[in-house]
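Engineer: Before I ask anything, here is the structure I am working with.
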Amino acid sequence: TLLLIELGIAVVGMLCFAVPFPRRPPNLPSAAAQVSESLSEGVEDSWGALLVHCKNVLCGDRGLLMLAASFALQMGLYGVWSGTLSPVLQAMNFSKHQADTLG
């Protein structure tokens, strides 16, 4: 009976994949999707749309500044984490080798 249950689950899964879906929804789901659609008009493939969006981010007024700030924030947090983890672990009675390995 377990084999029949597994077969039924597999058949239901296969039938779900057999349902045809339209290439695009008839209505865009959000305002952000509408903006994205208007920016990428005439670009059919996803790589072309990605390049258009990257160009818009980098050539905008604050796009490059925001990109640099987000990268600096991420790298700063990593630097703080890796710089303070070893002393904190040593204070918690980890050996120097264990603390250096973790941090």
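The values are calculated or read from the model by the stated rules, or taken from the named source; none is laboratory data. These numbers were taken from a predicted model, which means no experiment stands behind them. Every residue, glycine among them, receives a Cβ derived from its backbone with ideal geometry; neighbour counts consider all protein chains shown. All accessible areas refer to the heavy atoms of the entire protein, side chains included, with ligands and DNA or RNA removed. Shrake-Rupley method; radii C 1.70, N 1.55, O 1.52, S 1.80 Å.
Engineer: Going highest first, how would you order 70-80, 16-26, 89-99 by mean Cβ packing within 10 Å?
Structural biologist: Result, highest mean Cβ count within 10 Å first: 89-99, 70-80, 16-26.
Engineer: Could you state how much accessible area M14 has, in square angstrom rounded to the nearest 10, with a 1.4 Å probe and all protein chains kept in place?
Structural biologist: Approximately 130 Å² for this residue.
Engineer: Under a 10 Å cutoff between Cα atoms, tell me which one of V35, V11, V52 has the largest fluctuation in the Gaussian network model of the chain.
Structural biologist: Greatest mean-square fluctuation among the candidates belongs to V11.
Engineer: If the chain between A32 and H53 were fully stretched, how many nm would it gain, using 0.36 nm times the residue separation less the Cα-Cα distance?
Structural biologist: Taking 0.36 nm per residue and subtracting the Cα distance, the gain is 6.3 nm.
Engineer: Leaving ligands and nucleic acids out of the surface, order T84, T1 by accessible area at 1.4 Å, largest first.
Structural biologist: T1, T84
Engineer: State the label only: which of [x] 44, 30, 18; [y] 152, 12, 6; [z] 61, 60, 22 corresponds to Cα extents along the principal axes in Å computed from the shown model?
Structural biologist: For Cα extents along the principal axes in Å, the calculated option is [z].
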